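Quick note: the coordinates plus some simple rules give every number you see, no bench work behind them. Keep in mind it's a predicted model, so treat the numbers as computed, not measured. Cβ: placed from backbone, ideal geometry, glycine included. Neighbour counts: every protein chain shown.
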Amino acid sequence: MATENEKNDSSPAGPESSTPETDAAKAKAEDFLDQLAETGGEFTNENIDEFLEMQDPEFAQQLGDIKKDSELTVFDPEIDDDTAALHDEIARWRDAKGLKRTAYLILPFLPRVSLAVKKLKFRLFAFIQATKIRLKHFLYYLATAGRRKAQAKIMGAIKSAVSSVASVLADVKHLSLKLKLAFAGLILLLGASGAVLYLTWKGKLIPQESRLFLVNLAENADEVHEVDAHGTFENFYDNVRSTPNLLLIQKIVVNIRASKNSGPNPMMAGELFVEGLNPDVVIEVKDREAFFRDTIQRTTEDFTFDQLSSADGKQLLIQSLLKEINRNLTTGELRNVRIKTFILKP
């Protein structure tokens with residue numbers, strides 16, 4: 001067994017055995033490297049292939065036999081223009097500085113809105129430009145060939161209408177007298193029908209119904225003036241050009257109701273001005289002064305001392321007096337009741 005192993009180790013066909021051809025190839029490859037180093041050339045892919053060809057031609061041939069598998073292909077993902085534009089818009093908002101970036105972090109949908117606005121703006125601009133171009137071409141067409149074609153069509157239509165009328169008249173000439181009269185009657189009937197329809201539409205044949213009552217004075221006024229409702233106005237009764245219709249009712253003394261802050265028999269004494277809307281009211285109050293004085297006293301008796309001591313109570317008394325006096329007047333109404341003198345006794 002030892003003899004056989006020694007034979008195998010010394011056999012030239014072993015894995016570490018060499019042949020004169022391989023030794024010559026290695027020597028040639030080393031000479032190639034030395035020559036490349038002496039010339040100072042770069043060690044490129046072509047030099048590597050040449051070196052492998054010199055050193056081990058079999059290995060170089062095996063490398064050359066390696067080819068790409070035709071079934072292994074890499075497909076680039078297809079990205080449409082809208083998606084690419086959205087990615088670019090998001091990148092612009094994300095890489096922005098200041099307020100724009102802060103707004104993007106708070107509202108992430110802003111890039112989509114911004115892109116939609118830009119697309120709408122672009123489409124609107126494109127539509128306007130296209131409309132301008134079409135209008136320009138249309139005007140040019142009308143100024144050149146279009147005008148000539150329109151004139152030719154109009155002249156052709158006129159000639160056709162004239163020829164049609166001439167042919168109808170020629171046919172009418174060959175008709176009998178009865179047919180001619182019937183044709184003329186038909187023409188007159190059509191004309192009369194058109195006139196009746198026109199006059200009816202204008203309201204001349206059948207008059208339109210007029211309104212019985214005057215709704216708006218501006219429709220019949222000679223002049224109409226507009227007034228600003230929010231402007232400054234002068235009161236009709238309190239203007240400086242009119243004389244107030246005032247009457248003084250003197251020495252009104254009346255017992256009023258007792259209250260918490262008064263004694264057992266409180267009293268009120270005073271004088272009042274009554275203002276009428278017209279002089280007739282003042283005359284009536286003066287003529288019936290005794291009656292209205294009694295009305296004032298009876299109305300005042302229902303108030304307490306505490307009520308008449310306050311401003312609201314006095315205002316309530318004036319409203320009550322105005323209501324009671326107006327209820328008994330026959331020639332008009334009072335506009336206001338004013339207090340001249342007002343004395344309270346607790």
Practice task
Could you tell me whether any residue of the range 249-266 is among the polar types (S, T, N, Q) and farther than 19 Å from Lys345 by Cα?
Solution key: no
Practice task
Scan the range 222-235 and give yes if some residue there is touching a residue at least 12 places away in the same chain (Cβ under 8 Å) and more than 18 Å from Leu317 (Cβ to Cβ), otherwise no.
Solution key: no
